[in-house]
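These notes are about the structure you will find just below.
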Amino acid sequence: MSKQEKIFEILSNLNEKQREALLHIDGPILVIAGAGSGKTRVLTYRIAYLIHQGIAKPEEILAVTFTNKAANEMKQRIRDIVGRRANAIWIHTFHSMGARILRENYELLGYSRNFVIYDRDDQKRLLKNIMKSAGWKFDVGSLIYHIEQFKKYGVMPQDGRIQSIIEEYIEHMRKNNAMDFDDLLANTLKLFDKHPEVLDRYARKFRYIHVDEYQDTSPIQYKLIRRLLKYHNNIFVVGDEDQSIYSFRGADFRIILNFEKDFPSAKVVKLEQNYRSTKEILDLANRVIKNNRSRRHKVLWTNNTKGKKPVVLSHYSDREEAAAIVRIIEKSGRPYSDFAILYRVNALSRALEEALMRNGIPYNIVGGFRFYERKEVKDILAYLRLIYNPKDDMALERIISVPPRGIGGKTIQAFREIARREGTSIYEAIKGYLDEVARGKKTRQALEDFVNLIEDMKGHEGDVSEMAQELIDRIGYVEYIQSTEDPNQAQSRLENIQELINSMKGYSSLEDYLESISLSSDQDELDSRSGVKLMTIHSAKGLEFPVVFVIGLEENIFPHFLSLSENNVEEERRLFYVAVTRAQEELYLSYCDRRTFRSEMLQPSRFLEEAGLLDEEEESYTISEYTYEEEDTGDHPFRIGDIVEHKKFGIGRVMSIDGERVKVLFQREGLKTLVLKYANLKKVS
DNA sequence: GTATTAGTGTTTTTT
DNA sequence: ACACTAATAC
């Protein structure tokens with residue numbers, strides 16, 4: 001195909017509005033892209049068009065996306081059109097862009113090239129250590145919150161003890177050549193402001209800048225973009241304020257609402273035609289979102305045929321809900337991969353998982369416990385991190401006794417103190433002060449072996465996967481797993497390790513591999529796996545599925561009570577909007593009266609009411625026919641919902657029956673699990 | 001001093 | 001499914 005033909009094809013594959021957006025080349029433009037309106041297509045075509053027309057060279061283009069997965073997809077799609085030249089385009093998340101720029105200029109801020117990125121786990125470990133040596137105990141989660149507040153807004157809490165913990169945290173990060181996620185952005189901004197010549201280099205280079213999911217940019221990300229626009233004012237942003245769902249992470253949707261004020265010459269294009277969902281689904285979404293006040297006027301429409309009406313599922317307990325969903329999936333005759341089950345909080349996946357597993361329906365959970373968060377994967381990665389950067393204390397702490405090698409808490413504590421005293425890392429303390437601590441022969445030998453292991457691995461050349469394999473053999477990790485876990489568990493862990501090793505193939509440097517891992521997000525591993533997909537609504541953003549279940553539609557769960565108390569219902573409503581607009585053909589909205597781990601009765605979510613779905617008078621939206629009682633499995637007279645009496649606990653209600661065990665919610669004692677044989681329950685009603 | 005085990009708690013959303 | 005703790009075993 002000739003160039004001209006390709007360009008013609010690009011343009012003819014777009015609708016009028018999309019084409020209008022694409023053809024705006026110079027100066028700022030905001031594309032308001034409703035859910036499913038083809039924004040990724042506009043973005044990729046626009047970049048391909050710039051290159052094809054010779055308007056910009058690939059290396060003059062920057063595109064910031066929300067996830068690494070989105071970045072890779074975009075790169076692939078551009079590559080399909082323009083070929084290998086696409087590789088020179090900078091397509092990144094804000095964080096990976098920061099990491100790249102910082103690695104290119106590490107010395108200017110006093111870091112070394114191999115700085116590590118601490119994830120949540122490392123942060124927690126570090127904070128616990130700091131508290132331990134200070135003899136204080138605070139909630140780790142709230143400490144992280146304070147650290148973020150301090151980094152973002154310079155706000156220090158009143159409590160002097162918390163202040164000193166934060167100071168020590170920052171001190172440790174600096175000394176150990178480590179950055180957390182916030183640092184990646186803050187340091188990049190610092191680099192630009194302290195070293196204008198560096199900024200100039202990038203600001204001149206990037207003549208065309210694109211930002212996807214603009215509604216979820218934070219003030220600091222916005223500042224980074226502003227800096228980069230120093231010489232060229234060509235900014236192309238795509239977003240939708242109705243899908244801004246990351247305020248807890250610093251996203252501020254007022255940034256998108258202010259776009260025309262910030263860039264006075266801006267053009268604005270609205271994409272309202274939806275290519276994803278049926279009319280019924282879109283109408284529902286429109287009905288709910290129009291209750292938000294902070295938004296532009298926008299109504300999604302479609303040429304699609306009408307489609308099935310959304311269905312409300314109503315059940316007494318989460319177990320019945322799960323059972324009903326299983327029935328719907330099985331009756332449908334669709335492939336399992338057509339289904340996604342979405343929820344507000346990870347905890348809601350539990351009952352579903354059990355039901356799916358019991359019925360032999362394949363499923364995979366996105367997020368929650370992600371692949372890279374599994375113990376065996378984190379163990380091996382921690383070894384690699386330590387080999388790459390001996391200053392990585394958190395990696396060392398994780399694996400010094402995995403597998404157990406005769407080095408325990410007391411010994412480690414001693415080295416921690418030496419490291420503090422000498423201002424070095426723990427690993428260096430072990431190397432340099434062996435005699436001071438380890439008088440016992442056994443401990444000493446164990447420490448020496450450990451150091452030798454790490455040093456030997458450092459010298460390993462060639463493919464990362466080979467090095468990892470050698471490491472695993474040497475530490476006897478397979479034997480360790482087999483000896484501590486039951487066979488099934490062990491099998492799956494070993495498979496995970498194999499998968500991990502496969503993912504290392506083709507990487508010849510630890511640096512590249514570790515970087516690609518540390519910034520990966522939960523969507524990155526989703527792929528096209530078969531099976532029903534379970535995930536939070538947050539992780540479902542940007543995805544689509546033929547059939548979607550949204551569960552947990554109850555007041556205080558969705559909308560979540562913490563958002564209610566923070567006066568942030570509008571964001572919850574946006575979240576609801578994101579959830580329902582994931583559905584292509586069928587949508588089920590589910591609530592129940594009671595959930596495990598919740599003792600109180602639950603009320604249906606206000607969003608159901610706003611959607612016009614709770615009006616039982618109206619025949620079209622009666623509660624679905626999919627209400628089943630779970631079958632009794634054992635030899636007993638009890639059913640879910642029965643009122644029973646127990647000698648000691650008094651009157652209660654049967655919540656679930658699982659073989660010989662029942663869960664009973666007692667009026668006085670709360671939820672108890674009882675073994676039927678011994679409990680001697682009497683039916684009351 | 002170190003390893004292992006049983007018992008407990010966990011539950012907003014995440015780059 | 002995991003992390004953490006306290007108690008016990010080695």
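Which FRET efficiency value, to the nearest 0.05, do you get for A:Ser294 and A:Asn87 by plugging their Cβ-Cβ distance into 1/(1 + (r/R0)^6) with R0 = 56 Å?
It comes to 0.90.
Could you report chain A's accessible area per residue, 1.4 Å probe, as an integer in Å²?
Using a 1.4 Å probe on heavy atoms only, each residue of chain A averages 45 Å².
Going by Cα centres, segment A:532-574 and segment A:231-264 are how many Å apart?
Going from one Cα centre to the other spans 22 Å.
Starting from the Cα of A:Tyr231, move 7 Å in the Cα-to-Cβ direction to define the label point; list residues of segment A:31-58 whose amide nitrogen is under 16 Å from there.
From segment A:31-58, the list is A:56-58.
Under 19 Å from a point placed 7 Å out from the Cα of A:Leu562 along the Cα-to-Cβ direction: which residues of segment A:586-603 have their backbone N that close?
A:597-599
Over all pairs of distinct alpha carbons, what does the Kirkwood formula give as the hydrodynamic radius of segment A:561-611, in Å?
Computed over segment A:561-611, the radius equals 12.7 Å.
What is the spin-label model distance, in nm, from A:Gln163 to A:Lys331 if the labels are put 7 Å beyond Cα along the C-beta direction?
Here the modelled spin labels are 6.4 nm apart.
What FRET efficiency comes out for the pair A:Glu479/A:Lys194, r = Cβ-Cβ distance, R0 = 41 Å, nearest 0.05?
0.20
Which links in A:Lys175/A:Lys223; A:Lys190/A:Lys458; A:Lys175/A:Lys442; A:Lys6/A:Lys230; A:Lys6/A:Lys75 stretch past 25 Å when you go from one Cα to the other?
The pairs that break the limit, which is 25 Å between Cα atoms, are A:Lys175/A:Lys223; A:Lys190/A:Lys458; A:Lys175/A:Lys442; A:Lys6/A:Lys230.
Show me the ranking of peptides A:469-480, A:551-562 by mean Cβ neighbours inside 10 Å, starting with the highest.
Sorting A:469-480, A:551-562 by mean packing, highest first, produces A:551-562, A:469-480.
Using a 1.4 Å probe on the protein heavy atoms, what percent of the accessible area of segment A:170-303 belongs to carbon and sulfur?
50
Assuming 0.36 nm per residue, please report the length gained on full extension of the stretch A:Lys308 to A:Ser112 beyond their Cα-Cα distance.
Length gained, A:Lys308 through A:Ser112: 64.7 nm.
Could you tell me the calculated FRET efficiency between A:Met601 and A:Arg19, based on Cβ-Cβ distance and R0 = 60 angstrom, to the nearest 0.05?
Result of the calculation: an efficiency of 0.65.
What's the extension gain from A:Arg421 to A:Lys261 if we count 0.36 nm per residue and subtract their Cα-Cα distance?
Extra length from A:Arg421 to A:Lys261 when fully extended: 52.3 nm.
If packing is taken as the average count of other Cβ atoms within 10 Å, what order do A:116-126, A:585-595 fall into, highest mean first?
Top to bottom by mean Cβ count within 10 Å: A:585-595, A:116-126.
Give the carbon-plus-sulfur fraction of the accessible surface of segment A:1-158 in %, rounded to a whole number; probe 1.4 Å, heavy atoms of protein chains only.
C and S atoms contribute 48 percent here.
Would you list, by chain and number, the aspartates and glutamates whose Cα falls below 20 Å from the Cα of A:Lys17, excluding same-chain residues fewer than 8 positions away?
Filter leaves A:Glu9, A:Asp26, A:Asp212, A:Glu213, A:Asp240, A:Glu241, A:Asp242, A:Glu260, A:Glu272.
Take the Cα gyration tensor of segment A:55-96, multiply each eigenvalue by 5, square-root it, and list the three semi-axes largest first, rounded to whole angstrom.
Semi-axes, largest first: 17, 12, 6 Å.
Mind giving me the nanometre distance, one decimal, between the label points for A:Glu353 and A:Arg79, set 7 Å out from Cα along Cα→Cβ?
3.4
Go through A:539-548, A:405-414 and give me the packing order, highest mean Cβ count within 10 Å leading.
The packing order, highest mean first, is A:539-548, A:405-414.
Based on a Kirkwood Rh over C-alpha pairs, give the Stokes-Einstein translational diffusion coefficient of segment A:448-570 at 37 °C and viscosity 0.692 mPa s in µm²/s.
The calculation lands on 175 µm²/s.
Setting aside same-chain residues fewer than 8 positions from A:Lys441, which lysines have a Cα under 17 Å from its Cα?
Candidates past the 8-residue exclusion: A:Lys410, A:Lys431.
With only alpha-carbon atoms counted, please give the Rg and Dmax of chain A, in Å.
Spelled out, the Cα radius of gyration and Dmax of chain A are 27.9, 85 Å.
State log₁₀ I(q)/I(0) for segment A:255-365 at q = 0.09 Å⁻¹ as given by the Debye formula over alpha-carbon point scatterers of equal weight, solvent excluded.
-0.41
In percent, what relative contact order does chain A have, based on Cα pairs under 8 Å that are 6 or more apart in sequence?
Averaging sequence separation for qualifying contacts and normalising by length gives 16 percent for chain A.
At 0.36 nm per residue, minus the direct Cα-Cα distance, what do A:Ala414 and A:Lys128 gain on full extension? Give it in nm, one decimal, please.
Between A:Ala414 and A:Lys128, full extension yields 101.3 nm more.
Find the eigenvalues of the gyration tensor of the Cα atoms of segment A:1-138, then list the square roots of 5 times those eigenvalues as equivalent ellipsoid semi-axes, largest first, in whole angstrom.
41, 18, 12
At 4 °C and 1.567 mPa s, what whole-number value in µm²/s does Stokes-Einstein give for the translational diffusion of segment A:331-432, with Rh from the Kirkwood sum over Cα pairs?
It comes out at roughly 75 µm²/s.
Holding the Cα-Cα limit at 30 Å, pick out from A:Lys128/A:Lys505; A:Lys57/A:Lys152; A:Lys194/A:Lys267; A:Lys69/A:Lys298; A:Lys309/A:Lys683 the pairs that are longer than that.
Table pairs above 30 Å Cα-Cα are A:Lys128/A:Lys505; A:Lys57/A:Lys152; A:Lys194/A:Lys267; A:Lys309/A:Lys683.
From a point 7 Å beyond the Cα of A:Ser2 in the direction of its Cβ, which residues of segment A:69-94 have a backbone N at a distance under 19 Å?
Taking a point 7 Å out along Cα→Cβ of A:Ser2, the residues of segment A:69-94 whose backbone N falls under 19 Å are A:82.
Given points 7 Å out from each Cα along the Cα-Cβ axis, report the A:Glu470 to A:Arg120 separation in nanometres with one decimal.
Result for the modelled spin labels: 3.6 nm.
The values are calculated or read from the model by the stated rules, or taken from the named source; none is laboratory data. In this text, all values refer to a predicted model and were calculated from it rather than measured experimentally. Here the Cβ is made from the backbone with ideal geometry for all residues, glycine too, and neighbour counts use every protein chain on show. Ligands, DNA and RNA are excluded from the accessible area calculation, which covers all protein heavy atoms including side chains. Shrake-Rupley method; radii C 1.70, N 1.55, O 1.52, S 1.80 Å.
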